[in-house]
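Coordinate-derived values only; no laboratory data. Worth saying up front: this structure is predicted, and the values here are computed from it rather than measured. All Cβ positions, even for glycine, are placed from backbone atoms using ideal geometry, and neighbour counts span all protein chains on display.
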Amino acid sequence: MGKTLVIVESPAKAKTIEKFLGKNKYEVVASLGHVRDLPKSQFGVDIENDFEVKYITIRGKGELIKELKRAAHKADQVLLASDPDREGEAIAWHLMETLKIDKEAPCRIEFNEITKEAVKTAVKNPRQILVHRVESQQARRVLDRIVGYQLSPLLWRKVKRGLSAGRVQSVALRLICEREEEIKSFIPEEYWTLEMTFATQQGGILVGKLSKIDAKKAEIHNEQEVKVILDELKDAQYLVKESKKQIKQKNPAAPFTTSTLQQDASRKMNYTAKKTMRIAQQLYEGIALGKEGTVGLITYMRTDSTRISEVAQKDAREFIMTTFGEAFVPKETKNYKVKSNAQNAHEGIRPTYVTKTPEIVKPYLSPEQYKLYKLIWERFVASQMAAAVLEQTTVVIGTGRYEFTASGTIIVFKGYMEVYEESKDEKEEKEKKLIAVEQGQSLICQKQEPKQHFTQGPPRYSEASLIKTLEEKGIGRPSTYAPTIETIVSRNYVVREAKQFYPTELGALVVDLLKEYFADIMSVDFTAHLERQLDAIEEGDYYWKDILREFYKTFEVELKAADEKIGPVKIEDEVSEEVCEKCGRHFVIKLGKYGKFLACPGFPECQNAKPLLETIGIKCPVCHEGDVVLRRSKKGRVFYGCSDYPECDFVTWDKPTGEICPKCHKGYMVEKNTKKGTVVICNNKECNYELKADTEKVNEGEE
């Protein structure tokens, strides 16, 4: 009796699965991803022949395919075990076609987690290839090919070579550019707040904020209005009008989906979406755990569902009971609302074995793998735990037509917070406890603290907030976010600085051009509608070629009109004051792979070029001779160094302010972006001095 051939995508996955199935009855091999694809050097889609697709063997895969065919010929059965999503289904379909497997044969298996139980169950229950799922993936692939291979050359001809346009990337770029326009057009408005520090007769302290004037929300627009209020409050008597306590429950967040994992890893660990998915893939495919062998540590990481299997829920409840106690186990199993368009056959991202805690597997993981596994494990366990119980206290202090409000929260029962906290804000809530006061009690004003503020414009997109927005608007799929972001960065359409995206002049120009001539492709609503149609192909609600015909009918007209109307677009280089020492021309500033640099405009006759030193206007805090300049790493991350490098080796990721620490007088102050906003801190780790980096005008009135 021959063996069963199981074909997976990666060697790591093959190694893990072969251990579960054994070598006697099964041979597990890897296809190394796709074996066929559209040709790179040709369009590959015959539009005139009703979008007939031409697939070719991927270069370099010839020998691999011969080996797969030999193995398939010797095997009694072939099982295709590519990833459990649309692309995985397409890979299985291409293998079926290449190996000439009967289309009616039950040759497809899938599993959401690489565990012995899941794999053995899968091989006992093969099914046919889901043609509608393949067509859904194929329609996306062809649409992206049409846009990329017909629109990108237009940009090459009209603007410059090397540019690209895409169905998802162009809309993502539009969001970043339009946010930048909002920021530039934003006009800050002045407003003031008034805080009072009150004391009880026994010496207890309470800080209240002016909340109401004449029973309406307090609004103070300028310093003059503040002075009027302070004059009226000169001899005021303050009484506690209301003191109430309220018990509230705070429920845990759902298990991770692809996008929420990318967002949290970006916020908490500064991982790019690409890095997060690379590490998650390693955890999914299997990690060698000493004598236990290779084990898949997490479920499949490309998912938009938060559903959790009943078995995993049961295991989690038992673990929580044993580890934390009965009080931490919710009365009813936690289930979370799933989006209507989610692929609910998948689960949310979770550990395959909840008993494999981060500390148990830490010796076998790299630091990056450990951090991501810990994040996934904690989020999942917390999602199955009881809600936290908070006691919120609100005190209203009144005098005349003014009301001040003080509020605080204490944790009565930690619940899921024992394991996982969604944000740093929760830590601040824990520590804010109000003193006990009673209604009618008189208070003494000890301090008046008016503060000037200005309204803040919308923030620039970070990787986390861009992914969240793309998902909320229904643009792209979870698997597309990482490559989309990498593309717009690599094309120099945007740059990353301090975790935020800034559009370049080139990016803004491309967006303006595409918005004018390709309204549908650049429309957020149209892109989301098209995404829903592509999803519906999988359900059999649309025929895939009908979607392509409808799209191309408009696109073809727009493409022709744009080609006729758009003249050559010249991007003028910014001329610098620095002179080329070889030919005497003024250097121009160009944008390269690693940021801006100086180049001689006499190219190719003169090929002189040098780094552009962007000074930030302060002297080096180490040598005090050179200037602090902005530089970029090979990955595009901004850092700061001395212009006299290598004579001076000063370097820092955080932007120096030019000030020496007023506390330790040794370190220098730097700007650091945190959850609380931008703070100015001392770089000396032995000094804890910290100062908020916003400028607030403070007037302290008398009691």
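Key figures
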quantity: FRET E, pair LYS160, GLU647, Förster distance 45 Å, beta-carbon r, rounded to 0.05; calculated: 0.75
quantity: Förster-model FRET efficiency, 51 Å R0, THR615 and THR322, C-beta, rounded to 0.05; calculated: 0.30
quantity: Relative contact order for segment 258-383, counting Cα pairs under 8 Å that sit 6 or more residues apart, in percent; calculated: 29 percent
quantity: Segment GLU505-GLU195, length gained on full extension (0.36 nm per residue, minus Cα span); calculated: 107.2 nm
quantity: Protection-proxy order for peptides 131-138, 513-520, 572-579, each taking the mean of Cβ atoms within 10 Å per residue, highest first; calculated: 131-138, 513-520, 572-579
quantity: Residue-averaged 222 nm ellipticity for the chain, from DSSP H runs of 4+ at -39500 (n - 2.57), nearest 500; calculated: -11000 deg cm²/dmol
quantity: Local net charge near GLY166, Cβ-Cβ under 13 Å (Lys/Arg +1, Asp/Glu -1); calculated: +4
quantity: Simple Cβ-charge dipole of segment 572-612, Lys/Arg +1 and Asp/Glu -1, about Cα centre, in debye nearest 20; calculated: 220 debye
quantity: Cα-based convex hull volume of segment 258-383 per residue, rounded to whole Å³; calculated: 114 Å³
quantity: Separation in nanometres of the label points that stand 7 Å from Cα toward Cβ, at ASP546 and THR405; calculated: 5.3 nm
quantity: The chain, relative contact order in percent, only Cα pairs under 8 angstrom and at least six apart counted; calculated: 14 percent
quantity: Global geometry of segment 173-269, whether rounded, prolate or oblate, following the gyration tensor of its Cα atoms and the 1.5 cut on a/c; calculated: oblate
quantity: Counting all C-alpha pairs of the chain, share separated by more than 34 Å (%); calculated: 61 percent
quantity: R0 of 60 Å, Cβ-Cβ distance LEU289-ASP235: FRET efficiency to nearest 0.05; calculated: 0.25
quantity: Rounded, prolate or oblate (a/c below 1.5 giving rounded, otherwise prolate when a/b exceeds b/c) for segment 130-205 by Cα gyration tensor; calculated: oblate
quantity: Segment LEU130-LYS244, extension gain: residue separation times 0.36 nm, minus the distance between their alpha carbons; calculated: 35.1 nm
quantity: Pairwise label distance in nanometres, GLU625 with GLU605, each label 7 Å out on the Cα-Cβ vector; calculated: 3.8 nm
